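Enquirer: Before we start, here is the structure in question, set down as structure tokens.
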């Protein structure tokens, strides 16, 4: 009897998972209208996820998980479908003007600038540029910020998205720990629908990032993968 019960329970779980996947895809079909959807990449820059970045462990994690490649695939699919791609970047002055040290991560960056003269995302340098895989392409928009943790803070991002009739934003980039979480919360507060591409974001440590996606971000966003997003946005459903 016990093997039968175990087998039945396993079968039930499989059925439940399949039903959840079906409902999630149906929801995505309703959300991902190319004319009202924008993919947002967050801080996928050389000075954040490439050589010379402030947090080498994040660089390693991004490389291990294929975050950049998956984000690039999402961008390509969005462009092919006629959706907008917006790159949200962080840039800083070489002299630190306009920066603050009101949190640990900002203080780390300012200490690096003071002691070593290094600003990983200095304006006009390769560190501030997008990673090559993302472009930007001529149709893309780049929105840079010099202050704050999230791209909606102190930029014209919200106004630009509204001017383009965007209702759904698709979140990719780094990091799940702070920036992606903040982006999703801000977007929900501003009235947008949010889709999170779980294999096109990264955070540290890995199990913590997975837990944030599972228990927090999934309450704010519809969670998908790069492959599923690409299939739905291009109509290959």
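All of the numbers you see were taken from the coordinates with simple rules; none came from a lab. What you see is a predicted model, and the numbers here were worked out from it, not measured in a lab. Note that each Cβ is placed from the backbone with ideal geometry, even for glycine, and that neighbours are counted across all protein chains shown.
Enquirer: Quick one: order 22, 76 by neighbouring beta-carbon count within 10 Å, fewest to most.
Expert: 22, 76
Enquirer: Another question, if that's okay. How high is the FRET efficiency from residue 208 to residue 146, r the C-beta distance, R0 45 Å, rounded to 0.05?
Expert: So the FRET efficiency works out to roughly 0.95.
Enquirer: Compute the long axis of helix 104-116 from its Cα atoms, compare it with the longest principal axis of the Cα atoms of the chain, and write down the angle in degrees, 0 to 90, nearest 10.
Expert: Computed tilt is about 40 degrees.
Enquirer: Quick check: Cα centre of the range 218-237 to Cα centre of the range 145-212, how many Å?
Expert: Each part's Cα centre sits 16 Å from the other's.
Enquirer: If you line up the long axis of helix 179-189 against the longest principal axis of the chain, both from Cα atoms, how many degrees apart are they, to the nearest 10?
Expert: That helix lies at roughly 70 degrees to the long axis.
Enquirer: Whole Å is fine, so just give me how far the alpha carbon centre of the range 39-92 lies from that of the range 99-130.
Expert: Distance between centres, Cα-based: 18 Å.
Enquirer: Share of antiparallel DSSP beta bridges in the chain, in percent to the nearest 5?
Expert: The antiparallel proportion sits near 5 percent.
Enquirer: Can you pull the Kirkwood radius for the chain, inverse mean 1/r over Cα pairs, to one decimal in Å?
Expert: Evaluated over the chain, this radius sits at 18.6 Å.
Enquirer: Under a plain spin-label model, where a point goes 7 Å from the Cα along Cα-to-Cβ, how far apart in nm are residue 14 and residue 107?
Expert: Reported label-point gap for residue 14 and residue 107 is 5.3 nm.
Enquirer: Using only the Cα atoms of the range 97-223, what do you get for the radius of gyration and for Dmax, in Å?
Expert: Cα radius of gyration and Dmax of the range 97-223 are 15.7, 45 Å respectively.
Enquirer: Continuing with the same structure: Taking Cα atoms, how many degrees apart are the long axis of helix 2-31 and the longest axis of the chain, rounded to 10 and kept between 0 and 90?
Expert: Around 50 degrees separate the two axes.
Enquirer: Assuming R0 = 35 Å, can you tell me the calculated FRET efficiency for the pair residue 99 and residue 159, based on Cβ-Cβ distance, to the nearest 0.05?
Expert: Taking R0 as 35 Å, the efficiency between residue 99 and residue 159 is 0.90.
Enquirer: With springs only between Cα atoms under 10 Å, which of 128, 77, 206 fluctuates most in a Gaussian network model of the chain?
Expert: 206
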